[in-house]
1. What FRET efficiency comes out for the pair residue 52/residue 25, r = Cβ-Cβ distance, R0 = 25 Å, nearest 0.05?
2. With angles folded into 0 to 90 degrees, how steeply does helix 3-22 sit against the dominant principal axis of the chain? Use alpha carbons for both and round to 10.
3. If neighbour count is taken as other Cβ atoms inside 10 Å, put 199, 55 in order from fewest to most.
4. Need one number: nm distance between label points at residue 161 and residue 90, each 7 Å from Cα along Cα→Cβ, rounded to one decimal.
5. Rounded to the nearest 500 deg cm²/dmol, what is the calculated helix-only ellipticity per residue at 222 nm for the chain, with -39500 (n - 2.57) per DSSP H run of length n ≥ 4?
6. Send over the semi-axes of the chain's equivalent ellipsoid, whole angstrom and largest first, taken as the square roots of 5 times the C-alpha gyration tensor eigenvalues.
7. Roughly what % antiparallel, to the nearest 5, for the DSSP beta bridges in the chain?
8. Starting from 0.36 nm per residue, how many nanometres of slack lie between residue 77 and residue 254 once their C-alpha separation is accounted for?
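Here, each number is a calculation from the coordinates, and none is a lab measurement. All figures in this text were calculated on a predicted structure; none of them were measured in a lab. All Cβ positions, glycine included, derive from the backbone under ideal geometry; neighbour counts span all protein chains shown.
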């Protein structure tokens, strides 16, 4: 058996065991993404192959959450695509302000950078106090990092630069405090955030929301799984609620797409009919 075929067999067995034994089914992820993730896991756990890792998982020597965290490392940025946040601030948030209270879901929140960006926009628009935000991710480590809201100096500089591009209404330093070489975002910024470990493929609805941000999450899944996730997001939106995807993403299924009006194609913003 060649090394590549051996690795492919290990991948198949490992993913099947995660799904059947631990209820974590990553087989619907985009093939390139999951293959890179499994190879990263191999390198991290050298000199083990995945079957040894699986045996340790079964024996309880390692925890399934540790494996999920290592397989689902997300990428995030503060104010990713500044022009999309300008559209959110100038067009979507004024519409949400017509409600007496607001519920927003940040689905796939990763380490919290986009969540914090959203909270800053809500604060600048005077909507933060009347908004409840659910922040969810498959990775428990990601939600833990998002809850802590601690970032290194380079990340804090990214936040300050992007906030300035957005014509921020306050000084960026109003939102965090320095601690040696770190920046810690102030707790009142996240006071109305509910953090949830959540699998979007579980079809578990967390609540009903006026706005859902699920940006650059669908790209990690195959088409059928993307449709399943969008079905869940749709079921979680109020009538005329807004769904915001990432720039490279769209709604695949014609049946689901018919339930939406496209508000902005550049920023992939949809409104439920």
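1. 0.70
2. In the chain, helix 3-22 runs at an angle near 60 degrees to the longest axis.
3. Fewest-to-most Cβ neighbours within 10 Å comes out as 55, 199.
4. Rounded to a tenth, the inter-label distance reads 2.3 nm.
5. Rounded to the nearest 500, it is -12500 deg cm²/dmol.
6. Details: eigenvalues 228, 110, 50 Å².
Ellipsoid semi-axes (Å, largest first): 34, 23, 16.
7. Within the chain, antiparallel bridges account for around 45 percent of the total.
8. 60.6 nm
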